[in-house]
Every structure is written in structure tokens, then in C-alpha cells.
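The values are calculated or read from the model by the stated rules, or taken from the named source; none is laboratory data. Because the structure is predicted, anything quoted here is derived from the model rather than measured. Ideal geometry is used to build each Cβ from the backbone, glycine not excepted, and the neighbour counts take in all protein chains shown.
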Amino acid sequence: MEDNAKLIESILGRTTDYVKTSIQLVKLKALEKSTDVVSSVIPYAVAVAIFSLAMLFLNVGLALWIGEILGEIFYGFLVIAAFYCIVAIIFHFFMHKWLKKFIGNYIIKNVLS
């Protein structure tokens, strides 16, 4: 009887160790995947930030140039703002779902690979 109790205690101890090890493995796999996703997104984020700054200066220059042509500087900024409002409306109605699907698939692909 005492041997059975020791056997059950041994099995219970091994099962506990197995569960702890399995949980640790899941945590490490999740950390690996999240690190992989973040490390692949950061270079794109830096490129987008640099591109955004370049576009900002290009748009300010273009607005000043258009304003000079139209006779008042603020007209140039109004034209650029109207252009971006039209682009935003077009984007919202025609490309929003496509971009959401594209980003979702990209993240899923990186997590599952």
C-alpha cells in the first residue's frame, strides 16, 4: 500500500513538472513569435517615418509654390488640404478593407511561420 502511495506521489510530481515545463515552452514560443513580428515591423516603421518627413517637406514646399502662383500663400495650403481630403475619402471607401486584410494577413503569416 505504501509503495502505491509513493508511486502515485512520484507520478503526480512528474506530471506537475511536465505541466510547468509545457507552460514555460509555450511562453518561450510566444516570446519568440512576438519578437519576430516586432523586429520585422520596426524597419518598416522607420522607413515610413522617414518617408513621412520627406512628404511633409515636399507638401509644404508645394503649398508655398501653389500659394505663390495663386497670389496668396494660404491658398496653396487650402489646395493641398483639399487634395488630401479627397484622397482620404477615396481611401476610406475603396481601400480600407483591402489594407486591413493585407495587414492582418501579414501579421498572421509572421506569427504562424
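For region 1-44, the set of residues classified as under 29 Å from Ile103 (Cα atoms), of a type in the set (S, T, N, Q) and modelled with pLDDT of 90 or more is empty.
Rundown of residues vs (1) in a helix (DSSP H, G or I); (2) aromatic (Phe, Trp, Tyr); (3) under 30 Å from Glu32 (Cβ atoms); (4) touching a residue at least 24 places away in the same chain (Cβ under 8 Å), yes/no style:
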residue: Ala45; (1), (2), (3), (4): yes, no, yes, no
residue: Ser52; (1), (2), (3), (4): yes, no, no, no
residue: Trp65; (1), (2), (3), (4): yes, yes, no, no
residue: Phe77; (1), (2), (3), (4): yes, yes, no, no
residue: Val87; (1), (2), (3), (4): yes, no, no, no
residue: Phe91; (1), (2), (3), (4): yes, yes, no, no
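Just to check your reading of the model, which residue among Lys33, Lys29 is without any contact (Cβ under 8 Å) to a residue 24 or more places away in the chain and within 31 Å of the chain's Cα centre (by Cα)?
Details: Lys33 fails: without any contact (Cβ under 8 Å) to a residue 24 or more places away in the chain.
Exactly one of Lys33, Lys29 is without any contact (Cβ under 8 Å) to a residue 24 or more places away in the chain and within 31 Å of the chain's Cα centre (by Cα), namely Lys29.
The test for being small (Gly, Ala, Ser), in contact (Cβ under 8 Å) with a residue 24 or more places away in the chain and either surrounded by 10 or more Cβ atoms within 10 Å (Cβ to Cβ) or in a helix (DSSP H, G or I) (or both) holds for Ser40.
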